[in-house]
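Data first, discussion second: the structure below is written as structure tokens.
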């Protein structure tokens, strides 16, 4: 069988994860890596002998390399425009979160994908965690009955080690804010479980990052789910010293559950009518970026899904419409926060 050819755009922390996962599969091959930074290009060349390395996406697309899939692992503000360039080249695209920074950007990507009949895969690797899959089954099987309240809490640390002067992190144009960069995976899990939100009331402030970021680092959000029940999101990247917790509490008419831990990966509490609390498989460790850590290291599941979809063995796990919906929800929250400010 001919292997599926992948290129990775952006050779930072996440891009390196993608390159490892692609090159480690027997059904795929890594043919190219793109990065604007000369030191990263040199590092990529040393790590992957025989893989072409380019300075720009334009150089990659102008080459005669076979490209089935291009993985976009660049700063957030580039995702949508780069995805459209890839789609115009008739390649499938894998987009790291977020899909874009506005609903309009995401719509443009979807429109282009329909024009050229190519897939858009959105990276939402937390859906593969045992705790997330268990919660999905509990909600879909209606074990909790009607959902009354949901509380999502995301309390992490991002400090001067993360927001380095001159970088893209902390900028409105390329970063977009902590709900996009740090916590969109958890917003996605909430949407995946309970659907869309309405009647949003939101406020935000910047406790510890004035001068380091162009946006607030903390916020409180309240809303109703379209499908019924109240919800809230409490989030901050001003936690002292290290990540504290990412958790979700679900209160239903027939039970209450809480999944917590630094990365929302531990079943802490389960009291459901007629149901015994299960012992879940251990989660994969968080992505380790040296000075700080992120969400679960589940990217191999994402690449496996891409390969399975393109070989006709499975359906896409997170499609472009879902990726757009999470962006649109965050965009509406930001709009309400600005109105309150």
Members of segment 218-243 found to be outside any strand (DSSP E or B), surrounded by fewer than 17 Cβ atoms within 10 Å (Cβ to Cβ), modelled with pLDDT of 95 or more and at negative phi, listed by number
226, 227, 240
Looking for whichever is assigned by TED's automatic domain parsing to the domain that holds residue 97 and over 13 Å from residue 303 (Cα atoms) here; the options are 17, 46. Which one fits?
46
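Considering each residue of segment 246-262, count those that are in a strand (DSSP E or B) and either over 20 Å from residue 157 (Cβ atoms) or not assigned by TED's automatic domain parsing to the domain that holds residue 146 (or both), and give that number.
Within segment 246-262, the first condition is being in a strand (DSSP E or B), and the residues that meet it are 246-252, 255-260.
Narrowing further to those that are either over 20 Å from residue 157 (Cβ atoms) or not assigned by TED's automatic domain parsing to the domain that holds residue 146 (or both): 249-252, 255-259.
Looking only at that region, the number is 9.
Scanning segment 200-217 for residues that are assigned to a strand (DSSP E or B) and touching a residue at least 12 places away in the same chain (Cβ under 8 Å), which turns out surrounded by the most Cβ atoms within 10 Å (Cβ to Cβ)?
204
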Tell me, which residue of segment 63-83 that is more than 20 Å from residue 309 (Cα to Cα) and in contact with a strand residue (DSSP E or B) (Cβ under 9 Å, 6 or more places away or on another chain) is surrounded by the most Cβ atoms within 10 Å (Cβ to Cβ)?
79
So, in segment 311-321, exactly how many residues are surrounded by 18 or more Cβ atoms within 10 Å (Cβ to Cβ) and either in contact with a strand residue (DSSP E or B) (Cβ under 6 Å, 6 or more places away or on another chain) or in a helix (DSSP H, G or I) (or both)?
2
Just need a number here: residues in segment 14-67 that are touching a helix residue (DSSP H, G or I) at 6+ places or on another chain (Cβ under 7 Å) and in contact (Cβ under 8 Å) with a residue 60 or more places away in the chain.
7
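From 139, 109, 150, which residue is assigned to a strand (DSSP E or B), touching a residue at least 40 places away in the same chain (Cβ under 8 Å) and touching a helix residue (DSSP H, G or I) at 6+ places or on another chain (Cβ under 8 Å)?
Numbers: 139 fails: assigned to a strand (DSSP E or B); 109 fails: assigned to a strand (DSSP E or B).
Just one listed residue meets the conditions, 150.
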State which residue is surrounded by the fewest Cβ atoms within 10 Å (Cβ to Cβ) when the search covers only segment 149-165 and only residues that are closer than 11 Å to residue 241 by Cα and modelled with pLDDT of 95 or more.
157
Which one is nearest to residue 160 (Cα to Cα), of the residues in segment 190-199 that are in contact with a strand residue (DSSP E or B) (Cβ under 7 Å, 6 or more places away or on another chain) and not in a loop (DSSP other than H, G, I, E, B)?
190
Test: residue 114 is at pLDDT 95 or above and within 24 Å of residue 304 (Cα to Cα)
yes
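The values are calculated or read from the model by the stated rules, or taken from the named source; none is laboratory data. Note that the structure is predicted; figures quoted are calculated from it, not measured. Glycine gets a Cβ as well: all are built from the backbone with ideal geometry, and neighbour counts include every protein chain shown.
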